[in-house]
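Novice: Pasting a structure below so you can have a look.
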Amino acid sequence: MSSPEPAPSRPPRDEAVERAALKERVYATFTGLAIVLVQNANAEHTSAARATVTLLVGIVAIALAGFAADLIAHLATHGRFPRGAELTELLRLTGTAIGSAAVPLLVLLAAVLGWVELQTALTIASVVYLAILGLIGYVAVRRTGLSGWKQLIAMGILVGLGALVVVVQQLAHGH
């Protein structure tokens, strides 16, 4: 008689938290990128202050949506509201999403102060968001342990998916 197969193990809590934080950062980065790209296309119709507030509100909104999703998931799986360390962890994840906008917001603040033109600030913010996404993808692919050419293919797939997300977001905004 053979012994039953062991049940699939759950990832360690630290790994699950790390994955959740990374997902929040990626979601918020794509959201921020979409916001600055749309504003960049319409920079002549907005002010630096409005662009900055729009980005801030958009990022806070996606962070709150993530918090609500995490809260609902916690309720569904544990049958109660999170408390103590669990609640602290959910709030930290929310902060991760908001933190993804720090550099782009600082660049837009420079436009508010008149140090750079709005169009330039929005372009810099877009490049920062793309660099963040590229770095996250690069680190993820490097962790796979695949051979060099397979990593290149994997990176190409991630870049293609990222471009598709950006195109769909732009289409949603009529641009």
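The values are calculated or read from the model by the stated rules, or taken from the named source; none is laboratory data. Just so we're clear, the structure is a prediction, and the values are computed from it rather than from any experiment. Backbone-built Cβ (ideal geometry, glycine too); neighbour counts: all protein chains shown. Quick note on the areas: whole protein, heavy atoms, side chains included, nothing else; ligands and nucleic acids left out. Shrake-Rupley method; radii C 1.70, N 1.55, O 1.52, S 1.80 Å.
Novice: Within 10 Å, count the other beta carbons around each residue, average over each peptide in 85-94, 98-107, and list them highest first.
Specialist: My ranking of the peptides, most packed first, is 98-107, 85-94.
Novice: Ignoring ligands, DNA and RNA, please state the percent of accessible area on region 7-161 from carbon and sulfur, probe 1.4 Å.
Specialist: That share works out to 69 percent.
Novice: Pop a pseudo-label 7 angstrom from the Cα along the beta-carbon direction at both Val57 and Ser147 and give the gap in nm to one decimal.
Specialist: It works out to 5.3 nm between the two label points.
Novice: Taking only Cα atoms, what is the 0 to 90° angle, nearest 10, from helix 148-172's long axis to the longest principal axis of the chain?
Specialist: Result, in degrees: 60.
Novice: Determine, from the Cβ-Cβ distance of Val139 and Glu44 and an R0 of 35 Å, the FRET efficiency 1/(1 + (r/R0)^6), rounded to the nearest 0.05.
Specialist: The computed FRET efficiency comes out at 0.40.
Novice: Percentage of Cα-Cα pair distances in the chain greater than 22 Å, rounded to whole percent?
Specialist: When all Cα pairs of the chain are counted, 55 percent exceed 22 Å.
Novice: Kindly express, to the nearest 10 degrees and within the range 0 to 90, the angle between helix 118-142's C-alpha long axis and the longest C-alpha principal axis of the chain.
Specialist: So the helix axis and the longest Cα principal axis differ by about 20 degrees.
Novice: If you don't mind, another one. Given R₀ = 25 Å, what would the calculated FRET efficiency be for Phe81 paired with Val17, taking r from the Cβ atoms and rounding to 0.05?
Specialist: For Phe81 and Val17, the calculated efficiency is 0.85.
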